[in-house]
Amino acid sequence: MTAISRPPASSALIRPPANFALIRAALAGAASGARSLTGLAALTVTADPNAVAQPDRTLARPWVKATAAALAALECTLDKLPSAPSRLQPPGLAARLAGAAASAIVITRRAAPDHPSALIVAGQDEVPAEAAQLQLERVDMPARLAAGVVVSASAAVATAWLGVRWRTWARARFGQDWTGAGLEDAAAITVAAVAALASWRLPRPRQASARP
C-alpha cells in the first residue's frame, strides 16, 4: 500500500462535513439520470494525474479520460435521434443507475480517509484527535459507499423521470426536440462538473503558528 505523507506537527487535517460526499453523489446521480455517462465522465476527466489510490489511479490515465469524454459526447448525440429509446425503459434506466452508482463510488473513495485528495491541511495542533477520527471513518467506509450509491441512484431515477417530462413539454413548446435536448445537455454537464470539481480536494496553505 502506498504511504501517505503525514502533515507537519504544527498542522491538522480538516475533514469536510460527513454529508458532503452524499451531496456530491446526489449531484452526480442527477446528471446520470439525464445522461448515463455524463456524471462518471466528469469525474474521470477531473481525476488527478498524480493519483496513487484507486479508482483515480486508473481513471487518470489519458486514454481512459479520452474514452470517457468521447462516449459521453456520443451519448449526447444519440439521445437526439428520433429512434432513441425511452430512458425509462429497462435498458436506459439500468444504464443510468449503473452510471450513478459508479459515480457515487468514485466520489466516496475520493472522500475516504486514506485518499490524498480528501486531506486539507491547516495550521493547528490536532493531528492525534484527527487521526482517531480518520480511523473511525475507515471502519464506516462500506456504509458510506452504500449510502452514496443509494442517494446517487435515487437522484438518477428522479431526474430520468423529470427529463422525460421536460422533453415532452419542451417539444410541445418549441415545436422540435433539439432545444429541449440541448438545454438538458447543458444542465447535466453543469451539474456533473459541480459534483466532480467539488470532490477534488486541494491542500490549503499551512498557516503560520501563533505561538512565540
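Remarks
- If only residues of region 40-75 that are surrounded by 15 or more Cβ atoms within 10 Å (Cβ to Cβ) and among the β-branched types (Val, Ile, Thr) are counted, the one that is farthest from residue 193 (Cα to Cα) is 64.
- Counted residues, region 27-70 - those being closer than 14 Å to residue 96 by Cβ and assigned to a helix (DSSP H, G or I): 11
- Scanning region 178-191 for residues that are touching a helix residue (DSSP H, G or I) at 6+ places or on another chain (Cβ under 9 Å) and closer than 16 Å to residue 162 by Cβ returns 180, 181, 183, 184, 185, 187, 188, 190, 191.
- Being touching a residue at least 12 places away in the same chain (Cβ under 8 Å) and within 10 Å of the chain's Cα centre (by Cα) is a property that residue 35 lacks.
- Selection status of residue 11, modelled with pLDDT under 95, touching a strand residue (DSSP E or B) at 6+ places or on another chain (Cβ under 6 Å) and more than 24 Å from residue 151 (Cβ to Cβ): yes
- Out of 36, 103, 83, sole residue that is under 23 Å from residue 181 (Cβ atoms) and at pLDDT below 95: 83
- Enumerated helices (runs of 4 or more DSSP H) restricted to region 111-198, each holding at least 1 residues that are charged (D, E, K, R), at pLDDT 95 or above and closer than 30 Å to residue 83 by Cα: 141-174, 178-198
- Looking only at residues of region 76-96 that are aliphatic (A, V, I, L, M) and in a loop (DSSP other than H, G, I, E, B), we find that the one that is surrounded by the fewest Cβ atoms within 10 Å (Cβ to Cβ) is 81.
- If you go through region 39-57 and keep only what is more than 13 Å from residue 110 (Cβ to Cβ) and β-branched (Val, Ile, Thr), you end up with just 45.
The values are calculated or read from the model by the stated rules, or taken from the named source; none is laboratory data. Remember, it's a predicted structure, so these values are computed and weren't measured experimentally. Please note: Cβ atoms are built from the backbone with ideal geometry, for glycine as well, and neighbour counts cover all protein chains shown.
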